[in-house]
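Input: a single structure, listed below in structure tokens.
None of the figures in this text is laboratory data; all of them are computed from the coordinates on show. All values reported here derive from a predicted model rather than from experimental measurement. Every residue, glycine among them, receives a Cβ derived from its backbone with ideal geometry; neighbour counts consider all protein chains shown.
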Amino acid sequence: METTSRVGAQGAGTADASAVDAAAQDAPGVPADRRAADGYLQASFPWYGLDEAYTGPRWLMQVGTAADGTVEHGATGHGEEPTLRSERADPHAAKQRFAVVVTVASRPGRRSADGTGVLEATSVSSAAWLAGSGLLSCTWPAQMERALRQDWLDQQTALAWELADHLDDSAWSTLSLPVDGVPTDFRYRESEYGWVLAGSAADERGDGRPGAAGAGGGVHIGAYGRGMSAYGMGFSVIKDITAYRG
């Protein structure tokens with residue numbers, strides 16, 4: 001996906017977790033939480049988060065946009081906001097409990113906004129990649145030398161991409177979780193850094209079929225977390241995204 005990121009709150013959910021919110025800098029008179037919510041409100045697809053069975057903190061993260069400004073994906077957080085790329089060992093970081101839900105618009109293959117290239121269709125792999133890279137962005141090895149961190153991130157990011165591109169491999173298992181109350185199969189894997197899962201929500205026609213690229217405005221759902229078990233989680237459409245501003 002050819003997207004850029006707009007930072008909402010501290011967190012990660014896109015391939016470029018350290019992107020700067022230029023739009024926010026250009027509007028200093030607008031509260032940061034309002035600016036963050038505005039990005040989500042511009043999306044043409046529904047956002048997903050943990051369902052009402054989860055009663056803990058919820059917070060906005062960031063949205064990803066295409067070159068023409070169209071919102072393509074974004075993330076919402078639950079639990080404790082993870083510490084990003086800490087420059088020092090943080091004993092509390094390993095104990096943080098959080099789950100991040102990534103929503104990806106279902107898009108067909110299409111030409112780029114400037115007409116010079118072609119953008120690939122989004123898929124469950126897109127959601128898996130965004131979730132995997134999001135998890136990496138907040139799981140720096142605490143004792144790693146600063147000079148080695150970029151090499152580590154490059155290596156792990158390439159691995160996350162490879163895993164996301166082969167969801168049928170043995171590295172992934174199947175986990176059934178409810179999406180809007182409907183049992184839905186997700187591809188799931190665990191690592192020393194946390195867990196990642198990805199699947200598709202039923203499209204807007206309500207026929208229970210996964211939202212395929214370009215069909216009925218469906219979305220793909222990714223999620224990652226640490227300290228909170230993915231087993232027993234459920235996902236649902238967020239009725240009021242502004243409620244995530246805290």
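Overview of results
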| quantity | calculated |
| --- | --- |
| Estimated vicinal HN-Hα couplings, Hz - segment 50-59 in sequence order (Karplus 6.51, -1.76, 1.60; Gly, Pro = x) | 5, 6, 5, 5, 8, 10, x, x, 10, 8 |
| Local electrostatic count at Ala131 - Lys and Arg +1, Asp and Glu -1, tallied over other residues with Cβ under 13 Å | +2 |
| Protection proxy ranking of 72-81, 182-191, 162-171 - average other beta-carbon atoms within 10 Å, highest first | 72-81, 182-191, 162-171 |
